[in-house]
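Peer 1: Starting off with a structure, shown below.
Please treat every number below as a calculation from the coordinates, not as lab data. It should be emphasised that the depicted structure is a prediction, and the values quoted were computed from it without experimental measurement. Cβ placement follows ideal geometry from the backbone for every residue including glycine, while neighbour counts extend to all protein chains displayed.
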Amino acid sequence: MDHAAGVCAVDLTDLDLFSGGFPHEVFTELRRSAPVAWQEPTAHTPDGVGFWVVSGHDEILEAVSDPATFSSERAPGAAGGGTLIQDLPYGFAAGVLLNMTDGPRHHWMRRTVTPAVSPRSLDAVEPELRRRTAAIFDGLEGRDRCDFLLEVAVELPLQATAVLLGVPEADRHALMAWSNATLDHDGRELGESSSAAEGAAAATAAYGTRLIEHKRAGDETDMLATLCRAGAGTGEAASDLELLMFFNLLVTAGSETTRNAIALGLEVLVTHPDQLDRLQRHPSLLGEAVEEILRWTSPTLYNRRTATGDTELAGQAIAAGDKVTLWWASANRDERVFDDPFRFDVGRHPNPHLAFGYRSHFCLGANLARLEIRIVLEELLARFEGFELDGPIERFRTNKHAGVRHMPVRLLRR
Ligand code: HEM
């Protein structure tokens, strides 16, 4: 195998590299020298094999436009695959989770659940999301300090995901605590487990199993209930495992990402007061500002594919079975696509960012996430004159998400 063309000399599986946020300087150099580069395995790298690091916007588009060659599922016959650097077992996660399936099964699941996030469905939930957001901010009345992550950014995505899945109000916070414990890599490396993560995963699975039983029997119309009953009595109906994995996926995909966009979106406005001022004076820029926040924060740092046969990507030979990682957060700073990519510009247009991915696996919740970010921004602009960071932002130890754990903020009231 010829990996000579471009080499990624920095270890992207060393989670310490991400402890201060996305290592932009590493990726700027990769885009310049080798937008498709090979990373040799290190002591940190799961499965003991290297992987391709695709950092350029064009190169990522080329890969995601050919899902038959760059599979979200696996290489033919492989025991593992999926969209994380570490292999997940085929038939348990890869090939079962919506985002880790290809072809007809992916299309069927995606078609079944899409109506729940159609513009009409989102119009229907918008008043409830606005009410909940107002209540979240009302809860801060009389205070000028908060942990913006825990007290604001976590809440709305959690509530929105719970509404989509029809999770009863009383169970929502327990679900979120388990989800946090599953994703946190504090004190463990990629591919390793911890008793906290295992316990939380087991609790989520037990809860999801009970909820699915309840949805199957009832007549609710939320996204999970729809998938539970679709194709009933035919070979198409989702299996128990598919349903449980879908539930898990939505809990994490729906809340972890959006909360980070909301928190880091406020951070970038605080650190760019001219842009905050511009937005305050021109609220008609809100739509563009949401897209720029998504580009800037890129909450999902990467997803992986696997080459299903020998192929080429942007002229680089890739061998069958190779892992290929697509770094959305790097594409979103690609100087070949964005003018002055390190300038935060709430009026940026056009803004072809890849924060939600592209093509067949394009984020199912993109419009819901956009709506949530917009609603929070509107409340922030209406209620406060300004904001200050009240201490350092504490992050999760991960190379997968722009994960914020705590964000102390001072709120300057009107
Ligand atoms: C700012 C917030 C969000 C970001 C940055 C984000 C990011 C992404 C990205 C990059 C992908 C593509 C994965 C790939 O190509 O392998 C994706 C897929 C997905 N997202 Fe999101 N997401 C966000 C919010 C949400 C929300 C709110 C939901 C809940 C409805 C959601 C559910 C999903 C699902 C189910 C998929 C898989 C779609 C498929 O494979 O067909 N996401 N997301």
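Peer 1: Given the convex hull of the Cα atoms of the range 309-414, what is a quarter of its surface area in nm²?
Peer 2: Its Cα hull, projected and averaged over all orientations, spans 9.9 nm².
Peer 1: For a quick check of your reading of the filter: which GluC sites (Glu not before Pro) in the range 260-358 sit in a DSSP loop and have no more than 15 other Cβ atoms within 10 Å?
Peer 2: In loop regions of the range 260-358 (DSSP not H, G, I, E or B), the sparsely surrounded GluC sites (Glu not before Pro) are E335.
Peer 1: From the phi of every residue in the range 41-55, what ³J(HN,Hα) in whole Hz does the Karplus formula 6.51 cos²θ - 1.76 cosθ + 1.60 yield, where θ is phi - 60° and glycine or proline is x?
Peer 2: 3J(HN,Hα) across the range 41-55, in whole Hz: x, 10, 4, 8, 7, x, 6, x, 10, x, 7, 7, 10, 9, 10.
Peer 1: Another question, if that's okay. So which trypsin sites (Lys or Arg not before Pro) in the range 55-163 end up in coil per DSSP with only 13 or fewer other C-beta atoms within 10 Å?
Peer 2: Passing sites in the range 55-163 are R143.
Peer 1: Quick one: work out the % antiparallel among DSSP beta bridges in the range 15-413, nearest 5.
Peer 2: Within the range 15-413, antiparallel bridges account for around 85 percent of the total.
Peer 1: With the radius of gyration and the Kirkwood radius both derived from the Cα set of the range 260-342, what is their ratio Rg to Rh?
Peer 2: 1.15
Peer 1: Given only helices, namely DSSP H runs of n ≥ 4 each adding -39500 (n - 2.57), what is the per-residue ellipticity at 222 nm of the chain, to the nearest 500 deg cm²/dmol?
Peer 2: -13500 deg cm²/dmol
Peer 1: For all pairs of alpha-carbon atoms in the chain, what percent lies in each bin of width 20 Å, listed from the first bin to the last filled one?
Peer 2: 26, 59, 14, 0
Peer 1: Now a separate question. Which helices pass in the chain if a helix is a full DSSP H run, must span at least 30 angstrom along its long axis by Cα, and must have mean Kyte-Doolittle hydropathy not below -0.5?
Peer 2: Answer set is 195-217, 240-271.
Peer 1: If I build a Gaussian network model for the chain, linking alpha-carbon pairs within less than 10 angstrom, which residue out of E126, E394, E141 has the largest mean-square fluctuation?
Peer 2: The residue with the greatest mean-square fluctuation here is E141.
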